[in-house]
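Inspection log for the structure reproduced underneath, given as structure tokens.
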Amino acid sequence: MTDAHTGTRRAVAASFLSATLLASACATPAQYVAETPATTPVSPETSACSANVSLTSASERVQSLVSQMTIDEKLGQLNQAAGGRSKSLNSKLTPEELDKVRSGEIGSYLHVAGAQPLGELQKVAVEEGRLGIPLLFAMDVVHGYRTIFPVPLAMAASWDPSVWKDAAAISADEASASGLHWTFAPMVDVARDPRWGRIVEGAGADPYLGSRMAVAQVEGYQGDSLAAPNTILAATKHFGAYGVPTGGRDYGSADISEQSLMETYLPAFYAATKAGTGSMMTAFNDVAGVPSTANEYLVDDVLRGEWGFDGMIVSDWNAVAELINHGVAETEEEAGVLALRAGVDMDMTSMVLPTRIKSAVQQDDCLAHDLDAAVARILTTKERLGLFDNPMAYHDTKREAATLLSDAHRQAAHDAAVRSMVLLKNDNQTLPFSKAPQNVAVIGGLAEDKLTQLGSWRAQGKTDEVVSLLEGLQQSAPDGTTVTYAAGAHPSMDVESSIDEAVNAAMGADQVLLVIGEDYDLSGEARSRSDISLPKNQTDLANAIFETGKPVTIVLVTGRPLAIEQEAEAADAVLNAWMLGLEAGNALADVIWGDVSPAGRLPIEFPRRTGAVPHTYSEYPGGRPADADLSKDTNRFIDIPITPLFPFGHGLSYSSFDYGDLTSAVQSNGDILLSVRVTNSGDVDADEVVQLYMRDPLASIARPKRELRGFTRTHIPAGDSRTVTFTLSPDQTALYGARTGWVVEPGRIEFMVGASADDIRSRTDIEITEGRETGVPASAIATRVSVE
Ligand code: BGC
């Protein structure tokens, strides 16, 4: 889409604090009279109510369609209906539903799939609808469609955006082959509170890492052209601060400062916007009392106005109607008006926009203008996808059969799973296991739980296509090695424990692989936990196994950081395997038997206890920075150490890496060059994730103790060295001031390079000589990296 939808910004409250729901520059009485039989005119462009849209810059086709549409047809385009449920797709596509399609009451369906059924539906829309407007078919393709990749938090642990980009491209290929045009992904909500169950769906705690992963996914899903039949539209979600609900309880209020909104929670949305995401989804929750689905300041002013986002915006499920529960609208009509005015184009399932705002629109020409703008954005999106020119491009059943779960896709899922695992602890080189004949006991019901490996959004993933952890280990055991199994306990209460049997199996083993953690149903939407230690039966099982005195390696299965201080202490090694998708077992086997060295890194720290969350390496220092000395009154707990159990960026390797000095240079254009030589000093070829952090030690407002500003995952053969060079713009040192917006302040900046946020190996300083306004979130800007 060209610059179709940028235009004059609506004159509303200019600051976060004064943003008000009810602000509207538009109180002019109706010019928009009751509908005349066939069509309504395209609403006038009036400066009094200019949303960020200029209808005249939409394509001629879109303008012409809008001018021919009745108000009911326009409202119908705003309707995204459920064509099924997430676990019974297409189940609601009844004959009555087809009549609604014919009469133009539906713009889009979600929870639908299949080249053939959706092809039939599309045919009805384009051949039997009055204006032949195609439907948009959507689904949550979040970490794979049929080929299921690791859960997103695990994908982020790869610290390799190219892995995400490839996975998203494969997901798009499969989903589009199955008739879909649109995924509700990427989920880019930065989250620092692992009590929140949806932490599993995002890239973790950091705005810089999150921005890189957001861009990779948008690029992967959308490819070079949305009109290509193997790409799909991304919906970056959940705009703007869904990842920080109070107390970690899903859907809760983000009661945060403007500073953290701008510096931590919005940058990934900005990065996705600049990467061209074709749509965004507003969040269920509110930011400081203003629900995102009605937040005119955030959606219309910031996202569309300042950032220039020109795509379509969809609400989250039923979120428009829920504005009443928030207490900002009394009736559904009011709720719909607020959402439309804020800039929401499509209503996911609440039916408020399609059925409750007609008379309000008829009485208010600004709203009529907003409606036309929304319809134009929806039609423009359909046009970008090529649906007007070739509506049947996504319905080739032969292509569908050839594409889903191809060998190449399975291989990509395998590679991604290997790259996602994080070795948290490895005393005495317990891992990898020797290939000499031995007896390995695999203990824990999660080892054979295939559903859990499919994670929280399993799309069309099928359990019988998953290689369980146990199967992977058994199938690849070295000659002479036996792999025995005892379930012991499974986190689900429905599965009976048999801990004695597990202890017996462990007693007869040389090595124990203790597979413990959460099952798929303990993380995800509406799965917040007040206590993020292991489920009780998992702890009981672990304690019984530790008592055997055998060497124990924990294989952690989880969708969130868990508080496993005691278990990690008692174990010889801990490998975080998250939920790895359908190649889980094969990938685990590669790492356990030492065919590949693990090199994933934590995208969020692991706390010692639930009470220590939320916490981040990137906090402000405060006036009394934490000191381990308990005789001093400082910013720490009295009952646990100030450090996390495993810090952000942490992950061990089967090799070891030495870092040289970090050197710096400033180029004539102001660009900052930082170089470090990294040597694989061990005897195993392995990847290292080189991490660059910065700190602004003296500024007009306090700055975080450390901020990630660059990284690269690079393979270094044993004994070899690589020089990693990061190139940054001074704009990446900017801070957000409430009065100034994004500004670079002159002064000294410290840069640090290391193997985690708490494992800094070398430092250097540079001097920023000139201040300037940038207008760009600093962590959304990508650092260029070269490796030689
Ligand atoms: C979730 C969204 C999801 C939508 C459709 C909502 O409950 O919050 O992330 O895209 O459902 O399945």
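Once the Cα atoms of the range 674-788 are picked out, what are the Rg and Dmax in Å?
So, for the range 674-788, Rg and Dmax equal 15.6, 54 Å respectively.
For the range 118-181, which trypsin sites (Lys or Arg not before Pro) pass both filters: DSSP loop (anything but H, G, I, E, B) and at most 13 other C-beta atoms within 10 Å?
On the way: sites: Lys123, Arg130, Arg146, Lys165; in loops: Arg130, Arg146.
Listed in order of number, the matching sites are Arg130.
Could you tally the net charge around Gly129, taking each other residue with its Cβ under 15 Å from the Cβ of Gly129, Lys/Arg +1 and Asp/Glu -1?
Working: positive: Lys74, Lys100, Arg102, Lys123, Arg130, Lys382; negative: Asp72, Glu73, Glu97, Asp99, Glu105, Glu120, Glu127, Glu128.
After counting each charged neighbour, the total is -2.
Once amide H atoms are built 1.01 Å from N in the peptide plane, which residues 5 or more positions from Arg608, or in another chain, come under 5 Å H to H?
Counting only residues 5 or more places away or on other chains, the set is Leu645.
Going by average Cβ neighbours within 10 Å, how do the peptides 474-481, 209-216 rank, with the highest at the top?
Numbers: 474-481: 14.8, 209-216: 28.1.
In descending order of packing, they fall as 209-216, 474-481.
How high is the relative contact order of the chain, in percent, with contacts defined as C-alpha pairs under 8 Å that are six or more residues apart? Mind showing how you got there, number by number?
Numbers: 2058 pairs, mean separation 104.9, N = 788.
Relative contact order for the chain comes out at 13 percent.
At a Förster distance of 22 Å, what's the computed FRET efficiency of Asn90 paired with Asp464, Cβ-Cβ distance as r, to 0.05?
Values: r = 21 Å, r/R0 = 0.95.
In this case the efficiency is close to 0.60.
Per residue of the chain, what 222 nm ellipticity follows from adding -39500 (n - 2.57) for every DSSP H run with n ≥ 4, rounded to the nearest 500? Working shown, then result.
Details: 21 runs with 192 residues, N = 788.
Here the helix-only value at 222 nm equals -7000 deg cm²/dmol.
Glu400: net charge of surrounding residues, Cβ under 10 Å, Lys/Arg +1, Asp/Glu -1, itself excluded? Spell out each step's value before the answer.
On the way: positive: Arg146, Lys398, Arg399; negative: Glu174, Asp396.
In short, +1.
With θ set to phi - 60°, apply the Karplus curve 6.51 cos²θ - 1.76 cosθ + 1.60 along the range 155-170 and write out the HN-Hα couplings as whole Hz, x wherever there is a Gly or Pro.
4, 5, 5, 5, 6, 9, x, 5, 5, 5, 4, 5, 4, 5, 5, 5
Hand me the trypsin sites (Lys or Arg not before Pro) from the range 452-534 located in a DSSP loop with no more than 16 other Cβ atoms within 10 Å, in residue order please. Intermediate results must be reported in sequence, preceding the final value.
On the way: sites: Arg458, Lys462, Arg527, Arg529; in loops: Arg458, Lys462, Arg527, Arg529.
Passing sites in the range 452-534 are Lys462.
I'd like the FRET efficiency for Glu770 and His715, computed as 1/(1 + (r/R0)^6) with the beta carbon distance as r and R0 of 41 Å, rounded to 0.05. It would help to have the intermediate numbers written out before the result.
Working: r = 38 Å, r/R0 = 0.94.
Working from the Cβ atoms, E equals 0.60.
Would you compute, for the Cα atoms of the chain, the largest minus smallest coordinate along each principal axis and list the three values in descending order, in whole Å?
Answer, in whole Å and largest first: 83, 62, 46 Å.
Could you compute how fast the range 117-231 diffuses translationally, taking Rh as the Kirkwood radius over C-alpha pairs and applying Stokes-Einstein at 4 °C with viscosity 1.567 mPa s? Give it in µm² per second.
Details: Rh = 15.0 Å.
Translational D for this selection: 86 µm²/s.
Please sort by residue number the trypsin sites (Lys or Arg not before Pro) in the range 691-788 whose DSSP state is loop and whose Cβ has at most 12 other Cβ atoms within 10 Å.
Details: sites: Arg695, Lys705, Arg706, Arg709, Arg713, Arg722, Arg739, Arg748, Arg761, Arg763, Arg772, Arg784; in loops: Lys705, Arg706, Arg739.
Those satisfying the criteria are Arg739.
Rank these for me by crowding, Val124, Val163, going from fewest to most other beta carbons within 10 Å. Don't jump to the answer; show the numbers that get you there.
On the way: Val124 16, Val163 25.
The fewest-first ordering by Cβ neighbours comes to Val124, Val163.
What are the ³J(HN,Hα) couplings of the range 618-631, residue after residue, when phi is run through the Karplus curve with 6.51, -1.76, 1.60 and θ = phi - 60°? Round to Hz, x for glycine and proline.
After applying 6.51 cos²θ - 1.76 cosθ + 1.60, I find 9, 6, 6, x, x, x, 10, x, 3, 9, 5, 6, 6, 6 Hz.
Subtract the Cα-Cα distance of Ala738 and Asp521 from 0.36 nm times their separation in residues, and report this length gain in nm to one decimal.
Values: separation 217, 0.36 × 217 = 78.12 nm, distance 4.08 nm.
Answer, rounded to one decimal: 74.0 nm.
Which far-off residues, 5 or more places away or on another chain, put their amide H under 5 Å from the one on Ala235, with H placed in the peptide plane?
Thr183, Ala185
About its Cα centre, what dipole magnitude does the range 622-674 give when the only charges are +1 on Lys and Arg Cβ and -1 on Asp and Glu Cβ, stated in debye to the nearest 20? Can you show the working numbers first?
Values: 3 positive and 7 negative charges, 31 e Å.
Here the size comes out at about 140 debye.
Show me, for the range 538-550, the HN-Hα J-couplings you get by feeding each phi into the Karplus relation (A = 6.51, B = -1.76, C = 1.60, θ = phi - 60°), rounded to Hz, glycine and proline as x.
These are the phi-based 3J(HN,Hα) values: 6, 5, 4, 4, 4, 4, 5, 6, 4, 5, 5, x, 6 Hz.
Give the Rg (one decimal place) followed by the Dmax (whole number) of the range 619-669, computed from C-alpha coordinates and expressed in Å.
Reported Rg and Dmax, both Å: 17.7, 51.
Laboratory data are not the source of any read-out in this text; all were calculated from the coordinates shown. Quick caveat: nothing in here was measured; it's all calculated off a predicted structure. All Cβ positions, glycine included, derive from the backbone under ideal geometry; neighbour counts span all protein chains shown.
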